[in-house]
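Here is the structure we will look at, set down as structure tokens.
The values are calculated or read from the model by the stated rules, or taken from the named source; none is laboratory data. Treat the numbers as computed from the prediction; the structure is a model and nothing was measured. Note that we place each Cβ from the backbone using ideal geometry, even for glycine, and neighbour counts take in every protein chain shown.
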Amino acid sequence: MKRTIQLILGVGFALASVFASAQSNPAQVRSWAAGCANCHGTNGQAQPGMETLAGANKDDTIRKMSDFKAGRRTATIMHQLAKGYSDDEIVAIATYFASQKR
């Protein structure tokens, strides 16, 4: 029993470590943000008619994404996509787009 608990805790700590390193890895954050390119353009520089994310206020983007995720804001697809990201991933993505030039 003690060995099983140690194994479970070890796996949990390993997964937490992998997750934490992915969040601080700029390549991983760029990869998450690349999923937004279909609608919001490469690096968040959208075509007319779509919302530009490049240079957007980080806190506004976090709020919008959180609202989509919680169902407080409706859309054709964003409310579904936002549910696929953790709160920490949303912060990382918003930070990435805020740092891009408009």
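Across segment 74-100, what is the total count of residues that are among the hydrophobic types (A, V, I, L, M, F, W, C) and either assigned to a loop (DSSP other than H, G, I, E, B) or on the phi > 0 side of the Ramachandran plot (or both)? Steps first, please.
So in segment 74-100, the residues among the hydrophobic types (A, V, I, L, M, F, W, C) come out as 75, 77-78, 81-82, 90-94, 97-98.
After this cut, where a residue has to be either assigned to a loop (DSSP other than H, G, I, E, B) or on the phi > 0 side of the Ramachandran plot (or both) as well, the list is 75, 77.
The number of residues fulfilling the criteria is 2.
Somewhere in segment 53-68, is a residue basic (Lys, Arg), within 15 Å of the chain's Cα centre (by Cα) and surrounded by fewer than 19 Cβ atoms within 10 Å (Cβ to Cβ)? Step through it out loud before you land on a result.
Within segment 53-68, the first condition is being basic (Lys, Arg), and the residues that meet it are 58, 63-64.
Subsequent filtering for residues that are within 15 Å of the chain's Cα centre (by Cα) retains 58, 63-64.
Of the ones still in play, those that are also surrounded by fewer than 19 Cβ atoms within 10 Å (Cβ to Cβ) are 58, 63.
Yes, the conditions are met somewhere in segment 53-68.
Yes or no: segment 20-32 includes at least one residue that is touching a Gly at 6+ places or on another chain (Cβ under 9 Å), loosely packed, with under 14 Cβ neighbours inside 10 Å and modelled with pLDDT of 90 or more. Spell out how you get there, then give the answer.
Here is the first cut: in segment 20-32, the ones touching a Gly at 6+ places or on another chain (Cβ under 9 Å) are none.
No, segment 20-32 has no match at all.
Of all residues in segment 71-82, how many are of a type outside the set (Gly, Ala, Ser) and loosely packed, with under 12 Cβ neighbours inside 10 Å?
Going through segment 71-82, the residues of a type outside the set (Gly, Ala, Ser) turn out to be 72-74, 76-81.
If we keep only those that are loosely packed, with under 12 Cβ neighbours inside 10 Å too, we end up with 72, 74, 76-77, 80.
Result for segment 71-82: 5.
Could you count how many residues in segment 41-73 are part of a helix (DSSP H, G or I) and either modelled with pLDDT under 95 or under 11 Å from Arg102 (Cα atoms) (or both)? Walk me through how you get there before you give the answer.
Taking segment 41-73 and keeping what is part of a helix (DSSP H, G or I), we get 42-44, 58-70.
The next check asks that each one be either modelled with pLDDT under 95 or under 11 Å from Arg102 (Cα atoms) (or both); those that pass are 42-44.
Residues flagged as part of a helix (DSSP H, G or I) and either modelled with pLDDT under 95 or under 11 Å from Arg102 (Cα atoms) (or both) within segment 41-73 amount to 3.
Can you pull out every residue in segment 74-99 that is within 10 Å of the chain's Cα centre (by Cα), among the polar types (S, T, N, Q) and more than 17 Å from Thr42 (Cα to Cα)?
Ser86 - this is the single residue of segment 74-99 that is within 10 Å of the chain's Cα centre (by Cα), among the polar types (S, T, N, Q) and more than 17 Å from Thr42 (Cα to Cα).
Anything in segment 83-102 that is crowded, with 16+ Cβ neighbours inside 10 Å and not aromatic (Phe, Trp, Tyr)? List them, or say none. Even if it seems obvious, please write down each step before you answer.
First, pick out the residues of segment 83-102 that are crowded, with 16+ Cβ neighbours inside 10 Å: 85, 89-94, 96-98, 100.
Within segment 83-102, Glu89, Ile90, Val91, Ala92, Ile93, Ala94, Ala98, Gln100 qualify.
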